[in-house]
Structure formats: structure tokens, C-alpha cells
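Asker: Next up is a structure, given as C-alpha cells.
Just so it is clear, none of the values below were taken in a lab; they were calculated from the coordinates. As the structure is a prediction and not an experimental result, all values here were calculated from the model. Virtual Cβ from ideal backbone geometry, glycine too; neighbours counted across all protein chains shown.
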Amino acid sequence: MIEITESAGTKIKELLAEQENPSVFLRVGVQGGGCSGFTYGMGFDEEETEQDETFSIQGIKVVIDGDSLKLIKGTQIDYQETMMGGGFTIENPNATATCGCGTSFRTAADAGTPEDCDE
């Protein structure tokens with residue numbers, strides 16, 4: 001499972017309320033790509049598949065596909081407000097390397113599908 005901090009939970013609930021659709025849930029996942037091999041994905045969805053696992057975290061329905069769950073198990077999602085605006089941060093204990101931009105990673109067991117980095 002993953003952890004969602006109180007500040008991230010508050011922001012996610014606020015964004016879900018703006019959707020005005022009770023069927024919408026938070027989908028968290030990983031896909032191949034980025035400089036290091038995998039990139040994070042987080043957004044709203046309303047369709048589930050047989051490969052999905054469903055959790056209730058702080059009253060938020062969170063859906064993660066089984067392949068992604070292996071790579072992000074134990075991950076913490078936080079939300080921080082700064083003078084430059086706000087944003088979500090992801091701390092993944094499974095990541096053994098990340099790219100300079102912080103949006104991609106790889107694990108000890110899986111290198112993913114790294115792409116050329118434009119940095």
C-alpha cells in the first residue's frame with residue numbers, strides 16, 4: 001500500500017470535489033520512460049480493470065494496478081504549498097536511482113525503459 005499525508009489528502013479531496021462525479025477516484029501508477037526508466041502517474045479515473053487493487057486511504061478511493069504497486073509499495077505522497085505555488089511530491093523507498101528532474105526512477109530489481117534525457 002501507499003501513504004498519503006494529511007496535506008495531500010486534503011488537497012486530493014478538494015480536487016475530487018471539483019470533479020462533481022461520485023464515480024471518480026484517484027489512480028496512482030507507474031509507466032516506463034523518463035531518464036531513469038519509470039515515471040509516476042497520478043490522476044482521476046472512473047474505470048477499473050481486473051489488474052487493479054483498490055484501497056481506502058483517508059476516505060479517498062485509491063486504485064493502483066498490480067504491476068505499479070510492486071514498484072511503489074510504501075511510497076508516500078505529500079502536498080506542499082510554497083511561495084511559488086503548490087505541488088505533490090512522491091517519496092518512493094523502492095527507488096534506487098532518480099533522474100535530476102526528479103520525475104523518473106528505477107528500482108534495484110527493475111530498470112524500466114529509460115529514454116534519452118534532455119538535461
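Asker: For every helix of n ≥ 4 consecutive DSSP H residues, a contribution of -39,500 (n - 2.57) applies; sum these over the chain, divide by its total residues, and give [θ] at 222 nm rounded to the nearest 500 deg cm²/dmol.
Answerer: -5500 deg cm²/dmol
Asker: Find the lysine pairs in the chain meeting two conditions, Cα atoms under 19 Å apart and a separation of 8 or more places or different chains, and report how many there are.
Answerer: Final tally of qualifying lysine pairs is 4.
Asker: Would you order Met1, Met84 from fewest to most other beta-carbon atoms within 10 Å of each residue's own beta-carbon?
Answerer: Ranking Met1, Met84 by Cβ neighbours within 10 Å, fewest first, gives Met84, Met1.
Asker: Which net charge results for the neighbourhood of Glu3, defined as the other residues with beta-carbon distances under 11 angstrom from its beta-carbon, given Lys and Arg at +1 and Asp and Glu at -1?
Answerer: Net of charged neighbours comes to -2.
Asker: Please list the equivalent ellipsoid semi-axes of the chain, computed as the square roots of five times the alpha-carbon gyration tensor eigenvalues, in descending order and whole angstrom.
Answerer: 24, 18, 13
Asker: Shifting gears a bit: Tell me, in nm to one decimal, what length is gained between Gln19 and Phe44 on full extension, where the rule is 0.36 nm per residue of separation less the Cα-Cα distance?
Answerer: Full-extension gain reported as 8.1 nm.
Asker: May I pose another question? When ranked by the protection proxy of mean other Cβ atoms within 10 Å per residue, highest first, what sequence do the peptides 33-39, 76-82 form?
Answerer: Ranked by mean Cβ neighbours within 10 Å, highest first: 33-39, 76-82.
Asker: Right, something else. Along the charge dipole of the chain, pointing to its positive end and built from +1/-1 on Cβ of Lys, Arg, Asp and Glu, which listed residue (Val30, Gly85, Ser7) has its Cα farthest out?
Answerer: Value: Ser7.
Asker: Taking the Cα centre of the chain as origin, sum charge times position over the Cβ atoms of Lys and Arg (+1) and Asp and Glu (-1), and report the length of that vector in debye to the nearest 20.
Answerer: Using only the charged Cβ atoms, the result is roughly 360 debye.
Asker: Let me ask you something else. With an 8 Å Cα cut-off and a minimum separation of 6 or more residues, compute the relative contact order for the chain in percent.
Answerer: Reported relative contact order: 33 percent.
Asker: What are the ³J(HN,Hα) couplings of region 58-64, residue after residue, when phi is run through the Karplus curve with 6.51, -1.76, 1.60 and θ = phi - 60°? Round to Hz, x for glycine and proline.
Answerer: Once rounded to whole Hz, the list reads 6, x, 9, 6, 10, 10, 9.
Asker: Follow-up. Which of Ser7, Ser68 has the fewest other C-beta atoms within 10 Å, and how do the rest follow up to the most?
Answerer: With the fewest neighbours first, Ser7, Ser68 line up as Ser7, Ser68.
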